[in-house]
Amino acid sequence: MAHAIPLVRAISLLPALRWLNRQGLQSKEILGNNGMAGAPYFDPLRPIPLLKAGALLRDISARVGPDAPCRIVSDTGDLELVQVGRVALGTTTPAEALGRISAALPFFCSHELLNIEAGETGCVVRHAYGARFDAETLHLMSQYALAVLDRICAMSGAAAPRITRAALPPHPEFGVSHLEPWFGEGRVAASTSGALMVTVPNTVALRHFPKFSRDRSAELARFGLKPLRTGGGFADSVRTLVGAMLDDGDGVPEIGQLADSAGISARTAQRWLKDEGTSFKAILDDARREQATRLVSHGDEPISAVAGRLGYSKQSSLHRSMLRWTGQSPSAYRKSG
């Protein structure tokens, strides 16, 4: 996979955050500790760094135990889980639901891969990430995927155990033994490949769901979602994340923040951008121009508020930038429509 910042939509965090709130734990505190503030609540479809989402799951696990993903999924309603992959609605079997989620996954995560192969006796599901996680986080992220897969199978009415075998990256301290109560004794093994491999018998994979919900896959187009997995370069992912960070209004994004989101050094990030013929400064300037012209022409916020949202310390700085971008002052640009 080409150099790119691993991204995922903030909506993927909502089941975990709502579960934390039900347990009496402070989801906002955990979000803040991982540098994401209120993004999942205020803009669920905005891209966030996948590595930070993994860090949040690791933070939760440190508080409640190594089977935290299983606990979260088991205590979350079917429809609430399906909202992460709404395209599963309208399918008739778990195998069909997984296939539709696989097709839609590039819209929701840039570095998550899901492949389903049908066999004579069972369906083989392979799930992997094209991002570098530490061993504990990779285990937790894979465990979450396994728990969701099992939950989709459970929606067919099939009784546990619903999988023939699962192999996933082990927890560096607990291995995989803590998952046997959730998936059945002897059915979970440690994987050395870094991927999750699951075999679901056809009696489960092809079992019809008792309820048929309306197909909502067309909502992807209605929401105007663009794929996060584009095959573009590092600069494309930087543009996406810088735009989302500016939307937060929490100050000017810095190259160090972008580098952390990619799991690389600031120097490496600068080199990759240079190799693609651009720079962080140029991308930030483009993002500011796009948002400034939109907010000034279509919004009713005071010009001073727009300047603050875009990280300018003084309104005069936005004034100079607008003159450079458009040849007009902010007030004149607003009047011109």
Practice prompt. Check the stretch 27-40 and report whether any residue there is modelled with pLDDT under 85, in contact with a helix residue (DSSP H, G or I) (Cβ under 8 Å, 6 or more places away or on another chain) and on the phi > 0 side of the Ramachandran plot.
Written response: yes
Worksheet, complete the sentence: Scanning the stretch 169-214 for residues that are part of a loop (DSSP other than H, G, I, E, B) and β-branched (V, I, T), the one nearest to A131 (Cα to Cα) turns out to be T192
Worksheet item: Which condition breaks for P253 when tested against (1) modelled with pLDDT of 90 or more; (2) crowded, with 18+ Cβ neighbours inside 10 Å?
Response: (1)
Discussion item. For the stretch 56-168, give me every one of the strands (runs of 3 or more DSSP E) that falls completely inside it and has 2 or more residues that are within 28 Å of D260 (Cβ to Cβ).
Written reply: 112-118, 122-129
Worksheet, complete the sentence: Note on the stretch 295-337: residues farther than 22 Å from A282 by Cβ and within 32 Å of the chain's Cα centre (by Cα) are S297, H298, G299, D300, E301, A305, G308
Worksheet item: So is E96 modelled with pLDDT of 95 or more and among the charged types (D, E, K, R) or not?
Response: no
Worksheet item: Between a first residue in the stretch 180-198 that is acidic (D, E) and a second residue that is part of a strand (DSSP E or B), which pairs have beta carbons less than 8 Å apart while being 6 or more apart in sequence or on different chains?
Response: E180/V188
Fill in: Options H139, H111; residue that is in contact (Cβ under 8 Å) with a residue 24 or more places away in the chain and within 14 Å of the chain's Cα centre (by Cα)
H111
Worksheet item: Scanning for something outside the structural domain of S177 (by TED's automatic domain parsing), in contact with a helix residue (DSSP H, G or I) (Cβ under 6 Å, 6 or more places away or on another chain), modelled with pLDDT of 90 or more and assigned to a loop (DSSP other than H, G, I, E, B), does the stretch 5-21 turn up at least one residue?
Response: yes
Fill in: Filtered residue count, the stretch 280-319, keeping only those that are part of a loop (DSSP other than H, G, I, E, B) and either in contact with a helix residue (DSSP H, G or I) (Cβ under 6 Å, 6 or more places away or on another chain) or of a type in the set (S, T, N, Q) (or both)
3
Worksheet, complete the sentence: Within the stretch 280-336, the count of residues that are without any contact (Cβ under 8 Å) to a residue 12 or more places away in the chain and of a type in the set (F, W, Y) comes to 1
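Can you go through I163, I152 and tell me which one is farther than 23 Å from A16 by Cα, in the same structural domain as A103 (by TED's automatic domain parsing) and β-branched (V, I, T)?
Values: I152 fails: farther than 23 Å from A16 by Cα.
Sole residue among the options that is farther than 23 Å from A16 by Cα, in the same structural domain as A103 (by TED's automatic domain parsing) and β-branched (V, I, T): I163.
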Worksheet entry | Test: G311 is loosely packed, with under 13 Cβ neighbours inside 10 Å and either at pLDDT 95 or above or at positive phi (or both) | no
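Here is a list: A135, A160, A154, A97. Which entry is closer than 20 Å to A68 by Cα and either in contact with a Phe, Trp or Tyr (Cβ under 9 Å, 6 or more places away or on another chain) or surrounded by 20 or more Cβ atoms within 10 Å (Cβ to Cβ) (or both)? Before you say what the answer is, go through the steps one by one.
Numbers: A135 fails: either in contact with a Phe, Trp or Tyr (Cβ under 9 Å, 6 or more places away or on another chain) or surrounded by 20 or more Cβ atoms within 10 Å (Cβ to Cβ) (or both); A154 fails: either in contact with a Phe, Trp or Tyr (Cβ under 9 Å, 6 or more places away or on another chain) or surrounded by 20 or more Cβ atoms within 10 Å (Cβ to Cβ) (or both); A97 fails: closer than 20 Å to A68 by Cα.
So the residue among A135, A160, A154, A97 that is closer than 20 Å to A68 by Cα and either in contact with a Phe, Trp or Tyr (Cβ under 9 Å, 6 or more places away or on another chain) or surrounded by 20 or more Cβ atoms within 10 Å (Cβ to Cβ) (or both) is A160.
Considering only the stretch 207-223, state which residues are at pLDDT below 70 and farther than 15 Å from P106 by Cβ. Walk me through how you get there before you give the answer.
Step one: list which residues in the stretch 207-223 are at pLDDT below 70, which gives 211-223.
Passing the criteria: K211, F212, S213, R214, D215, R216, A218, E219, R222.
The values are calculated or read from the model by the stated rules, or taken from the named source; none is laboratory data. All values derive from a computational prediction rather than experimental measurement. Cβ atoms come from the backbone with ideal geometry, glycine included; neighbour counts cover every protein chain shown.
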